[in-house]
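Take a look at the structure set out below.
The values are calculated or read from the model by the stated rules, or taken from the named source; none is laboratory data. Owing to the predicted nature of the structure, the values given are computational and were not obtained by experimental measurement. Cβ atoms come from the backbone with ideal geometry, glycine included; neighbour counts cover every protein chain shown.
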Amino acid sequence: MNRALNVWYQDRKVGRLLDSGDGRMAFIYDGDWLEHGWAISCSLPVNETGDFLPPDLRGHHFFANLLPEGNARDRLVRQLGIADDDFTLLETLGDDCAGALQLLPEGQVPNVSSNALRPLREADLITAIERGRAQWLDGDDAPRLSLAGAQDKVPVRATAGEHGIWTFQLPESGAASTHILKLPVRDLKQVPLLEIYTTYIAGKLGLPVAPVRLVRIGPHIASLAERYDRQSRDGLVSRLHQEDLCQAQGRSHASKYDAGSNAFSELAAVIQQHCQAPAVDLQALARWQIFNALAGNADGHLKNLSLISHGHDGWSLAPFYDLVCTLAIDNISHQLALPVGRHTDPGNLHRKHWDVFAEQLGMTTKRIQRLIQEQSSALSENLDAWHRNFIEEHRLAGELDNAKAVIARQIGKAQRDWLP
């Protein structure tokens, strides 16, 4: 255990992350944090030994889940010229992760009042999009940053100007970002627009969502998501602690699509045990999955659900994010990431599947039927107007016709097959 990183929450040391060899990491709570702090994860309680050492990989999984995945990770490793292992990546990227924790080398302390920012030019963003290299933006003296996921995501400070023109800055020296700028990637250029549209529809239905805006970068469309894990006061941006549902269950990020047929039973157990208002959060979770099925979002996996920490007072379900009508995208999986009643085909759901879903959440079938009816009826009555308003506001043409058709088809299936 030669390499170590200190884990910080604001100006308090939480513990140490250790490279234990063989690609595995250990996490050890600091003694003072064990006495006065709170569990940084539902899967890392402070009332155990405080040491999460291999072969117990809960500590490893929690921190590895902060890292980019898939092609985004591969590109980052190549661009930085570093070893492709979790500890090395966290050592390089741990200064601005999702949530409030910062991972810093021994002897370095966080600058909680840092407001260091570097302007980000539109020309640089256009180059990054066209080269397919968002991390190229970092330059030679790159800020530490990490956002889990497979898309090209850039954590930025974003400011709205006149006529809807946004300006962007890259945080440096430990400064916190306020938004996530998602750039279009080759072969999936429509994803940012689909995310903005799907999130817009969810918001119209009253779901708690993290706001996402459309921004034009030259000829390209990108999405700008407001970070729910950041808070601004008097010009200073502070971090709010959160974790995704892979972390909360001590799972590897590789299992985000492999939750099993009892996924919602397990999610309900986490919410019942750890959340301040479990009944409220369980209903929100039910509405999220109903919306996924209605809106054709087959990519609602475990890392697209998160909990916000309230310290000693427990957790609450975070606003919803990464909502995308994936059924409108060719050549990707159209099977639900999390099953409805052990069934993953969104085009062939029936009432019996939703009845099992209700049982898994510990809710009555009548309650789930009412939630389905509310969403499907609202969509049936308003989709045309909402779609038209969105198209007019953003000066679009037929780019979203397929997504609207998917939602209309799912509404018909819901009213025919999901309800009594």
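Tell me, yes or no, whether segment 300-316 has at least one residue that is of a type in the set (A, V, I, L, M, F, W, C) and in a loop (DSSP other than H, G, I, E, B).
Filtering segment 300-316 down to residues of a type in the set (A, V, I, L, M, F, W, C) leaves 302, 305, 307-308, 315.
Next cut, in a loop (DSSP other than H, G, I, E, B) only: 305.
So far as segment 300-316 goes, yes, one or more of its residues are of a type in the set (A, V, I, L, M, F, W, C) and in a loop (DSSP other than H, G, I, E, B).
Quick check on segment 155-172. Is at least one of its residues among the charged types (D, E, K, R) and within 20 Å of the chain's Cα centre (by Cα)? Within segment 155-172 (the criterion being among the charged types (D, E, K, R) and within 20 Å of the chain's Cα centre (by Cα)), the answer is yes, since at least one residue qualifies. The residues of segment 48-77 that are under 22 Å from CYS275 (Cα atoms) and at pLDDT 90 or above, listed by number, are ARG58, GLY59, HIS61, PHE62, PHE63, ASN65, LEU66. In segment 164-183, is there at least one residue being crowded, with 18+ Cβ neighbours inside 10 Å and touching a helix residue (DSSP H, G or I) at 6+ places or on another chain (Cβ under 6 Å)? Yes: one or more hits. Name the helices (runs of 4 or more DSSP H) wholly inside segment 330-415 in which the number of residues that are in contact with a strand residue (DSSP E or B) (Cβ under 8 Å, 6 or more places away or on another chain) is 3 or more. Fully inside segment 330-415 and qualifying: 351-361.
Look at GLY132 and say whether it is closer than 30 Å to PHE63 by Cα, at pLDDT below 90, in contact with a Lys or Arg (Cβ under 6 Å, 6 or more places away or on another chain) and not assigned by TED's automatic domain parsing to the domain that holds LEU89. Yes: the conditions hold for GLY132. Taking the conditions exactly as written (touching a residue at least 40 places away in the same chain (Cβ under 8 Å), of a type outside the set (A, V, I, L, M, F, W, C) and farther than 26 Å from ALA176 by Cβ), does ARG58 satisfy them or not? The answer is yes for ARG58.
Which of the residues that make up segment 375-399 are under 30 Å from ARG351 (Cβ atoms) and either of a type in the set (S, T, N, Q) or in contact (Cβ under 8 Å) with a residue 24 or more places away in the chain (or both)? Break it down into steps so the answer makes sense when it comes.
Our first condition is that a residue be under 30 Å from ARG351 (Cβ atoms); within segment 375-399, this holds for 375-387.
If the condition is that a residue be under 30 Å from ARG351 (Cβ atoms) and either of a type in the set (S, T, N, Q) or in contact (Cβ under 8 Å) with a residue 24 or more places away in the chain (or both), then GLN375, SER376, SER377, ALA378, LEU379, SER380, ASN382, LEU383, TRP386 are the ones that fit.
Within segment 197-215, none of the residues are without any contact (Cβ under 8 Å) to a residue 60 or more places away in the chain, crowded, with 21+ Cβ neighbours inside 10 Å and of a type in the set (Lys, Arg).
Suppose we keep only residues that are aliphatic (A, V, I, L, M) and part of a loop (DSSP other than H, G, I, E, B) within segment 2-59. Which one would you say is surrounded by the most Cβ atoms within 10 Å (Cβ to Cβ)? Looking at the filtered set, the residue picked out is ILE40. Quick check: is even one residue across segment 216-226 under 30 Å from HIS60 (Cα atoms), of a type in the set (D, E, K, R) and surrounded by fewer than 22 Cβ atoms within 10 Å (Cβ to Cβ)? Looking for residues that are under 30 Å from HIS60 (Cα atoms), of a type in the set (D, E, K, R) and surrounded by fewer than 22 Cβ atoms within 10 Å (Cβ to Cβ), one finds at least one in segment 216-226, hence yes.
Could you run through segment 241-261 and say how many residues are in contact (Cβ under 8 Å) with a residue 40 or more places away in the chain and either over 13 Å from the mean Cα position of the chain (by Cα) or outside any helix (DSSP H, G or I) (or both)? Break it down into steps so the answer makes sense when it comes.
Of all residues in segment 241-261, those in contact (Cβ under 8 Å) with a residue 40 or more places away in the chain come to 241-253, 255-257, 259, 261.
From what's left, either over 13 Å from the mean Cα position of the chain (by Cα) or outside any helix (DSSP H, G or I) (or both): 241-244, 248-252, 255-257, 259, 261.
Adding up the residues that qualify gives 14.
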